[in-house]
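Okay, so here's the structure we're looking at.
The values are calculated or read from the model by the stated rules, or taken from the named source; none is laboratory data. Quick caveat: nothing in here was measured; it's all calculated off a predicted structure. FYI the Cβ positions are ideal-geometry reconstructions off the backbone, even for glycines, and counts take in every protein chain you see. Calculation scope for accessible area: heavy atoms of the full protein, side chains included, ligands and nucleic acids excluded. Shrake-Rupley method; radii C 1.70, N 1.55, O 1.52, S 1.80 Å.
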Amino acid sequence: FKDYEVERDQHQLFATNVFELLPPEHDCFLFADLIAQLDTTDALEHYSVLGQRAYDPKQLIAILIYSYSRGVFSSRQIEQRCREDLGFRYIAGSNCPNFRVLSDFRKTHGVLFNSCFVQTVKLAQELKLASLGHVSLDGSKFKANSSKHKAMSYKGLKAREKALCEEIEALVKQAARQDEQEDQQYHERTGYELPEDLAFKENRLAKIKEAKAQLEAREQERHPDKPIEDKKQISFADPDANIMGKNGHVEYAYNAQISVDSDRQIIVGQHVSGLANDYGEVAQALDELESNCATLPQKMSMDNGYYSGDNLAELEQRKVEAYVATNREDNNPAAQASEHDTRPLVKADFIYNEEGDFFVCPTGQRLELKRQGESSRRVYGAEAEVCSACPLKNRCCKSKQGKGRTLHCDAREGERRRMVQRMEQPESKRIYDERKVIVEPVFGQIKNTGFRSFSVRGKQKVAGEFSLASLVHNLKKIVRAATEGVIRAEGGKWVHSGI
């Protein structure tokens, strides 16, 4: 058997560098070098020369970055690792901040995390790790720091508010009667249990009213023309979170959006949404790309969740060459105007004239705009007399009252038709197929480290934590590029190796 090099309790006579026990290729050295280049001066405004000396914000963000890269998210566990793990101790400079310090820093410095994320994007561009030749956008749900049991529906809020008001009114009347009786008997007011009960219910009523007002404000912002449904819910713990789910499993969550470059899966844009769907996320994603990279990508791909009129119009307006998966009903080939065809005619069989704003059926009849409803919904209809004499009537008209064929769409039908035409091209399908190896693995890499839920509450703080998770992902990609020799340190800076 091998002998121990030294006895456990033996004192060493000469000082040694404990970090020499780490292998030279340990990633903590690369992380420390990269983090040292981050500019954290934005955080200095939160500090004062008064009071006890604080930890350097660059040191605290370095600890959080390294801990998130190792899948450690609990502030108590981070403190413990700073005491026991040599890699953590090297990043922390042998300091060991209290878990409260780490937790408070994570809650209050979301702007700093986003600033550092943007710096990693610019660094990746400088090192030629991101060219914006092809960027893919996608979203994924991350659990909010809340529970379904700490929530109430709009119907429940109204009922509970009414019940509490009645209970408080009854308690006030009871207190008044009791005071009157005691005044007659003792000539002074006594009794302490009733006011305490009354204060509890008034406090509860205030929370109910606050949650109800927040729900009403949220729904008014998202659906200004619609009444609030009784089933709409709000969380008392995190009012900004929303119920999201799939396949019957629902929970309070946020919809995290990332734009990923195809070169080395660098996240070049990210934001957090409180909406479960992706119908209106493209505008903010493009704003992020333009702000972070000073330009828009040459090509951009995204799945069917982004196939909405507003998203397509935004992409066309910004002149982005986009590839978006279309709906099945929009992809059916036009039917032949023959009596032998039996396939029911769908909207894709009708030609849309964008300039004149009307549809043309396979037999040449025009469907004019009949009415326009809420949210720009439009109804186009044909004349009943013409449809009744049409040879394709059985395949086209479904009205039992003998009405002409109608089509429903919105004001963005032209954008949809152009996207359908683009996605029918073989080259477009090839470009779109690249999306599944660009953006989808990134969410897998983030979640496989253990980051599946947020540790903070409120959309602003949640956005800051997701910025932290995104910048950690980018730094891990840059560290990997360094270990592969794609980039190298030269003159105190990192440069591309030309490989």
Exercise. Ordering R53, R378 from largest to smallest accessible area (1.4 angstrom probe), what's the sequence?
Worked result: R53, R378
Exercise. Gap in Å between the Cα centre of region 254-271 and the Cα centre of region 458-481?
Worked result: 10 Å
Problem set entry | Total charge dipole magnitude, region 363-407, about the Cα centre, Cβ charges on Lys, Arg, Asp, Glu only, Debye to nearest 20 | 180 debye
Exercise. Where nothing but the Cβ of Lys and Arg (+1) and of Asp and Glu (-1) is charged, how large is the charge dipole of region 365-499 around its Cα centre, in debye to the nearest 20?
Worked result: 500 debye
Exercise. By the scheme Lys and Arg +1, Asp and Glu -1, what is the net charge of all other residues having a beta-carbon under 12 Å from that of S467?
Worked result: 0
Problem set entry | Heavy-atom accessible area per residue - region 378-443, 1.4 Å, Å² | 57 Å²
For this session: Note down the net charge around V442, summing +1 for each Lys or Arg and -1 for each Asp or Glu among other residues with Cβ under 12 Å from its Cβ.
Result: +3
For this session: Give me the accessible area per residue for region 22-136, probe 1.4 Å, as a whole number in Å².
Result: 48 Å²
Exercise. Does region 414-455 come out rounded, prolate or oblate, given a ≥ b ≥ c as the square roots of the eigenvalues of its C-alpha gyration tensor, rounded meaning a/c under 1.5 and, failing that, prolate meaning a/b above b/c?
Worked result: oblate
For this session: Within the set of other residues whose C-beta is less than 13 Å from the C-beta of R405, count the net charge using Lys and Arg as +1 and Asp and Glu as -1.
Result: +3
